[in-house]
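Values in this text are rule-based calculations from the coordinates and carry no lab data. Everything quoted here is computed from the prediction, not taken from an experiment. Cβ: placed from backbone, ideal geometry, glycine included. Neighbour counts: every protein chain shown.
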Amino acid sequence: AQSVSQHNHHVILSEAASLELGCNYSYGGTVNLFWYVQYPGQHLQLLLKYFSGDPLVKGIKGFEAEFIKSKFSFNLRKPSVQWSDTAEYFCAVKNTGGGNKLTFGTGTQLKVEL
Amino acid sequence: GAVVSQHPSRVICKSGTSVKIECRSLDFQATTMFWYRQFPKQSLMLMATSNEGSKATYEQGVEKDKFLINHASLTLSTLTVTSAHPEDSSFYICSAPGHRDTGELFFGEGSRLTVL
């Protein structure tokens, strides 16, 4: 069975600091990779996704993630965070033979301080 | 983007009663919906896949008689927690693939169940 690990459970940053959230997955086959974000009091929403092609993908609000197949990783990055980025971030993996079933990581709570 | 709505957002019930949670796709049709459960400080755990017109597919370890799922139409799936107990208290979230096959799931706002 596939699994997803997010190493940072809580991250606190000051505005303008750079962000990198780790995500590793365990599955030997072809995968689709996602980062979802949940702002306080709101639905989970898609931040970015990787299906194929350029392993560096750009999402909304200045976020990007890099798929490194050899490391089974899909880390999320943002060069300069804002207070409004305070949210919970979930990495998710879907194996391409498994329909639309997503396996989620445990989430990372990001707090950005002014 | 596509909108998925859940109702109720919060429910408190007595132990032994049953609670129904609705999940609706508001502007698209969903032949498949997914029900997740989220424990505090933990990941979203897939409970079951709801299929319009056929039985739901449950994940290993999920009691199908406990968590009844009915996909009544192309826009509605319901999760009924039967004979609820305090350990069933949790945050339940539904999701559905969008009307375009982008691989993206759209999530409801979640339903917080508290069983006294």
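Just give me the residues in the range A:34-57 being assigned to a strand (DSSP E or B) and not hydrophobic (A, V, I, L, M, F, W, C), in sequence order.
A:Y36, A:Q38, A:Q45, A:K49, A:Y50
Inside the range B:66-116, can you point out the residues that are within 13 Å of chain A (Cβ to nearest Cβ) and touching a His at 6+ places or on another chain (Cβ under 7 Å)?
Scanning the range B:66-116 gives B:F107, B:G108, B:E109.
Identify the residue in the range A:78-95 that is among the small types (G, A, S) and surrounded by fewer than 16 Cβ atoms within 10 Å (Cβ to Cβ) and, among all such residues, is farthest from the other protein chains (Cβ to nearest Cβ).
Filtering first and then ranking leaves A:S80.
Listed here are the residues, each with its yes/no results for (1) surrounded by fewer than 17 Cβ atoms within 10 Å (Cβ to Cβ); (2) within 12 Å of another protein chain (Cβ to nearest Cβ).
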residue: A:Y39; (1), (2): yes, yes
residue: A:Y50; (1), (2): no, yes
residue: A:G53; (1), (2): yes, no
residue: A:V57; (1), (2): no, no
residue: A:G62; (1), (2): yes, no
residue: A:A65; (1), (2): no, no
residue: A:S73; (1), (2): no, no
residue: A:L76; (1), (2): no, no
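Going residue by residue through the range A:96-113, is there one that turns out to be among the hydroxyl-bearing types (S, T, Y), more than 25 Å from B:T32 (Cα to Cα) and surrounded by 18 or more Cβ atoms within 10 Å (Cβ to Cβ)?
yes
Would you check which residues across the range B:67-116 are β-branched (V, I, T) and either farther than 26 Å from A:F34 by Cα or in contact with a strand residue (DSSP E or B) (Cβ under 7 Å, 6 or more places away or on another chain) (or both) and list them?
Result: B:I69, B:T75, B:T78, B:T80, B:V81, B:T82, B:I93, B:T114, B:V115.
Of the residues in the range A:96-114, how many are in a strand (DSSP E or B) and either charged (D, E, K, R) or more than 14 Å from chain B (Cβ to nearest Cβ) (or both)?
Residues meeting the conditions: 4.
Can you say whether B:C13 is away from every other protein chain (no Cβ under 14 Å) and among the hydrophobic types (A, V, I, L, M, F, W, C), as far as the supplied structure shows?
Criteria met by B:C13.
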